[in-house]
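Participant: Quick one: structure below, then a few questions.
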Amino acid sequence: MSSLNDNFSEALRAIEARGQHRSLRSTEMKPQGRLQLEGRNCLDFSSNDYLNLSQHPLLIERASEWSKKLGAGAGASRLVTGTREAHLALEARIAAFKGTEAALLFATGWQANAAVVPALLAAAPGAAVFTDRLIHASLHHGCAAAGAKQHRFRHNDLDHLEELLANKGADSPARIIITESVFSMDGDMADLARLVDIAQRLDAFLYLDEAHATGVVGPGGAGLSAGFPGSVDLVMGTFSKALGCFGAYVAGSRLLCDYLVNTCSSFIFSTAPPPAVLGAIDAAFELVPLMDRKRAHLGELGDTLRRGLSTLGVDSLNSTTHIVPAIVGDAGEAVRLSEALADRNIVASAIRPPTVPPGTSRLRLALRATHSHDDIDMLVAAIRASR
Ligand SMILES: *Cc1c(COP(=O)(O)O)cnc(C)c1O
């Protein structure tokens, strides 16, 4: 065996010494926002299946129908022989949903971000990149892969963004702003109207990740950008969260999509998404625009939870959505609280550095349309009893 194995062991020991070692455990999704964990039926506040579509019969049926009709796999990458009529029809449907000229499917959101950012920068050598401090790991990966230096603005602080654009962007050949609409760990939203204005005034390309917004916010669940048609240069989102299945999209102008088809490594060199995934996405698109009541319920659950946390003196930052952080501060304490809740059959994962900044370790509470207000009361009572 290679001596590299010693390095792996040493690295794992270091991770363990930092209290950051993690391992996999199996769970099973159950009805009513429940999760089967180690033989116990638990209330689940850690899945991103916000609308519970992962268990919806229409998605399951269509995934199986399209597999029966088209096969288990696509057989090749999109540019070779992997493009079916179903891919093109779905891309047209995504574009209509997002109000853009065109859209492209990607295997996953991680793959999209990690490869789209370098593709953009290949067309704009020396471009200055401005990123919110809390953007997703996949976007950081994309910047690193492009060799781009990030000018990071304080989270959702658009004054700081403008300042950085003036200082670092004015002399650059191009400017790219990268941010999210609903932030995955804080559950707050970007001020998109102002971002659009800044981008237009300062000739910056605006890249918006809507992973946690797609299906939940905006008109018909179409995301925050759907309220600003034609104003966001590139919108990225996933089908893996509220849409309950798998995969991702990039939506924008026909020119942008044509450019990515010809330059984006993860689009070109990865096998096309399989029919089962396309079928499930197609079914999700049929349901999501009609789910306003579920979206309103999610909003009310969020308000109930934030009120409950505030009676306990627990900070939920600027959350206004279906993602509610319960800030604990210390990483060890967050893990202890999460374990104490697990003893009460509640799954609420502790999130700690490096995923969130030091001193802001938390429970990340993700609400599901299948939760009831009683479930929220139970959660708040369990937190009260466990602190
Ligand atoms: C989950 C997530 C992704 C990655 O999407 P996957 O389809 O799960 O790979 C990208 N960006 C953000 C903000 C996310 O939360």
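Participant: Taking region 120-139 on its own, how many of its residues are crowded, with 17+ Cβ neighbours inside 10 Å and within 11 Å of the ligand (Cβ to nearest atom)?
Facilitator: Residues flagged as crowded, with 17+ Cβ neighbours inside 10 Å and within 11 Å of the ligand (Cβ to nearest atom) within region 120-139 amount to 6.
Participant: Looking at region 29-47, which of its residues are acidic (Asp, Glu) and either over 29 Å from HIS297 (Cβ atoms) or not assigned by TED's automatic domain parsing to the domain that holds ASN345 (or both)?
Facilitator: Across region 29-47, the qualifying residue is only GLU38.
Participant: So in region 316-336, with the set limited to residues that are more than 19 Å from the chain's Cα centre (by Cα) and surrounded by fewer than 23 Cβ atoms within 10 Å (Cβ to Cβ), which one is nearest to VAL217 (Cα to Cα)?
Facilitator: ILE327
Participant: Report, by residue number, each residue of region 140-150 that is away from the ligand (no atom under 16 Å from the Cβ) and either part of a helix (DSSP H, G or I) or crowded, with 20+ Cβ neighbours inside 10 Å (or both).
Facilitator: ALA146, ALA148
Participant: When region 209-221 is examined, which residues are found to be closer than 15 Å to VAL250 by Cβ and either away from the ligand (no atom under 12 Å from the Cβ) or outside any loop (DSSP other than H, G, I, E, B) (or both)?
Facilitator: Within region 209-221, ASP209 is the sole residue that qualifies.
Participant: Can you work out which of the residues in region 186-200 that are farther than 21 Å from LEU121 by Cα and part of a helix (DSSP H, G or I) is nearest to the ligand (Cβ to nearest atom)?
Facilitator: Only one residue tops the list, namely LEU192.
Participant: Conditions: (1) outside any strand (DSSP E or B); (2) in contact with a Cys (Cβ under 8 Å, 6 or more places away or on another chain); (3) among the polar types (S, T, N, Q). THR131 meets all but one. Number of the miss?
Facilitator: (1)
Participant: Inside region 222-265, can you point out the residues that are away from the ligand (no atom under 16 Å from the Cβ), surrounded by fewer than 22 Cβ atoms within 10 Å (Cβ to Cβ) and assigned to a loop (DSSP other than H, G, I, E, B)?
Facilitator: PHE228, PRO229, GLY230, SER231, ASP233, SER253
Participant: Give LEU105, LEU206 a once-over and let me know the one that is within 15 Å of the ligand (Cβ to nearest atom), part of a strand (DSSP E or B) and more than 14 Å from the chain's Cα centre (by Cα).
Facilitator: LEU105
Participant: For SER23, indicate whether it is assigned to a loop (DSSP other than H, G, I, E, B) and surrounded by fewer than 18 Cβ atoms within 10 Å (Cβ to Cβ).
Facilitator: yes
Participant: Mind checking which residues of region 67-86 are within 14 Å of ALA280 (Cβ to Cβ) and either within 26 Å of the chain's Cα centre (by Cα) or among the polar types (S, T, N, Q) (or both)?
Facilitator: The answer is SER67, ALA86.
Participant: Evaluate the following for LEU317: is it at positive phi, at pLDDT 95 or above, touching an Asp or Glu at 6+ places or on another chain (Cβ under 8 Å) and outside any strand (DSSP E or B)?
Facilitator: So LEU317 passes the test.
The values are calculated or read from the model by the stated rules, or taken from the named source; none is laboratory data. Note that the structure is a prediction, hence the values are computed from the model and not measured. Every residue, glycine as well, gets a Cβ built from its backbone with ideal geometry; the counts of neighbours run over all protein chains shown.
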